[in-house]
Structures are given as structure tokens and as C-alpha cells.
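Student: Okay, handing you the structure first.
The values are calculated or read from the model by the stated rules, or taken from the named source; none is laboratory data. Quick caveat, the model's predicted, so the values are computed rather than measured. FYI the Cβ positions are ideal-geometry reconstructions off the backbone, even for glycines, and counts take in every protein chain you see.
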Amino acid sequence: MAMSLLSAVLFVGFLGMSTVMDTWQRLDAEARQVEASMRLERTLDGLLANTIPFTWPDTTGIERSLFVGDRDRVAFVSRHRLNDLSEGALRFCVLELQDERLVVHYTDRPHRDGLLEAAPTGTSELATGVSEMTIQYASYAHDRLSWHNDWQDDVAVPLAIRIDITWSDGRELTVLRRTAGSGYYERLALNVESPTNPTQAP
């Protein structure tokens, strides 16, 4: 009877310990996922929020924007902190999904035939286990905001960029950032008064 009682106590203790360990492992995994998502969001924030217009002559000598946006891939120029004069203050980047890896390729200078064909001088892995990434680009015209699945403008960059990321385990993350070059869309409001009716100009 003593052995049976001891066995029952040990069994209950084992079940309790197993439950505690399972809970701890689940919470630890969730905490690591949240931390990884926060790191990814901070990185994309630094890249997208500093996106600027930048043109470069193609093989025919025509100035074309290095911002090329597709639904699952985007090439852009981003400002960054100047740490070394040899690096410059601009990063020429390509963000894309490769074998369930969200990566950004960096080049140290623009490519004459377009950024998408430039050989990267560095690559950073931003996330793994990503099953899908979709990108949309915002424009503003005639007092209306519109979203596009691609962006082919030889001068301007989008007003904002939205990236929807889905992991293989079902997690999702949406990053929406206004670009640094969106001052192109700013409007100045001026108070214009007439002798009969004060009005405000758009």
C-alpha cells in the first residue's frame, strides 16, 4: 500500500511538472516569436520610413527612378545613419522572399541597368519560416488615397508602403509606413480673406 501511495504521489507530481514545463515552453516560444516580430517591424520601419526618391540613368541615358515595386518584391533607396564616410548615407536595397526567408539585399551604389540586376554587396535575413509576403503602394491624387499592387513611376516614390507577412505557422504581421519622400504629396493651407467672405484655401 505504501508503494502504491508513493507511486500515485510521484505520478501526480510528474503530471504537474510536465504541465508546468509545457506551459513554460509554450510561453517561451510565444515570447521569442513576439520579440522576432518586433525586431522585424523595427528593421522595416528604419528601411521604409527612410525611403527617398532617387533617379539614375539607364543604358539609354534616361533618368529613371530606382524605386521599383512589385507585389512580392521591392527595390528602393533608403537613408541611414552615416557611420563611415566610405559607406555613404544611402542604402540601395531589394526586399524579397527567398525559400521562406525574408531577406534584404544591399548594394553600395546604384546600378546603371537598374537596381534589381545589381549584385548585392550584403544580405540580411530578417525572418524565417515566412510563407507569403504581399506589398502594396499608396498614391494620393485628386484628394483620394489609392492602393496599387505595383509601382512603376520614373520620378516619385509611393506615399506609403504596406507589407503583409504570413508565417507558415499562421502568424501574421502588417507593417504600414509612410515614406520619407512623400513630401511630394504635401499640401499647404493658407487663410485667404475676402472683403465679404473669409475663406480658407485648400
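Student: Which one is modelled with the lowest pLDDT, of the residues in the range 75-94 that are of a type in the set (A, V, I, L, M, F, W, C) and in contact with a Leu (Cβ under 6 Å, 6 or more places away or on another chain)?
Tutor: Ala89
Student: Considering only residues that are farther than 24 Å from Thr55 by Cα, out of contact with any Phe, Trp or Tyr (no Cβ under 6 Å at 6 or more places or on another chain) and not small (Gly, Ala, Ser), which ones fall in the range 126-155?
Tutor: In the first step, residues of the range 126-155 are kept if they are farther than 24 Å from Thr55 by Cα; the result is 126-134, 142-145.
Adding the requirement that they be out of contact with any Phe, Trp or Tyr (no Cβ under 6 Å at 6 or more places or on another chain) leaves 126-128, 131-134, 142-145.
Result: Leu126, Thr128, Glu132, Met133, Thr134, His142, Asp143, Arg144, Leu145.
Student: Anything in the range 95-109 that is at pLDDT 90 or above and loosely packed, with under 15 Cβ neighbours inside 10 Å? List them, or say none.
Tutor: Gln98, Asp99, Glu100, Arg101
Student: Right, another one. Starting from residues that are closer than 19 Å to Phe92 by Cβ and not hydrophobic (A, V, I, L, M, F, W, C), keep the ones in the range 123-173 and report whichever is farthest from the chain's Cα centre (by Cα).
Tutor: Filtering the range 123-173 for residues that are closer than 19 Å to Phe92 by Cβ and not hydrophobic (A, V, I, L, M, F, W, C), the one farthest from the chain's Cα centre (by Cα) comes out as Asp154.
Student: Pairs please, first residue from the range 167-181 and under 12 Å from Glu41 (Cβ atoms), second anywhere and in a strand (DSSP E or B), Cβ atoms under 7 Å, 6+ apart in sequence or on different chains.
Tutor: Cβ pairs passing all conditions: Leu173/Ile165; Thr174/Arg162; Thr174/Asp164; Val175/Ile163; Leu176/Ala160; Leu176/Arg162; Arg177/Ala160; Arg177/Ile161.
Student: Looking at (1) crowded, with 16+ Cβ neighbours inside 10 Å; (2) over 24 Å from Thr166 (Cα atoms); (3) in contact with a strand residue (DSSP E or B) (Cβ under 6 Å, 6 or more places away or on another chain), find the lone condition where Pro57 falls short.
Tutor: (1)
Student: Another question about this same structure. Is it the case that the range 188-198 has a residue that's at pLDDT below 90, closer than 24 Å to Trp56 by Cα and not in a strand (DSSP E or B)?
Tutor: Scanning the range 188-198, I find no residue that is at pLDDT below 90, closer than 24 Å to Trp56 by Cα and not in a strand (DSSP E or B), so the answer is no.
Student: Give the number of residues within the range 139-166 that are under 17 Å from Val77 (Cα atoms), among the charged types (D, E, K, R) and at pLDDT below 90.
Tutor: Count: 2.
Student: Tally up the residues in the range 60-74 that are modelled with pLDDT of 85 or more, of a type in the set (A, V, I, L, M, F, W, C) and more than 13 Å from Asn50 (Cα to Cα), please.
Tutor: Number satisfying all stated conditions: 3.
Student: On the given criteria, is Thr174 in contact with a Lys or Arg (Cβ under 8 Å, 6 or more places away or on another chain) and at pLDDT 85 or above?
Tutor: yes
Student: Residues of the range 49-76 being over 13 Å from Pro110 (Cβ atoms), basic (Lys, Arg) and not in a loop (DSSP other than H, G, I, E, B), which ones?
Tutor: Once the filter is applied, which keeps residues that are over 13 Å from Pro110 (Cβ atoms), basic (Lys, Arg) and not in a loop (DSSP other than H, G, I, E, B), the range 49-76 yields only Arg73.
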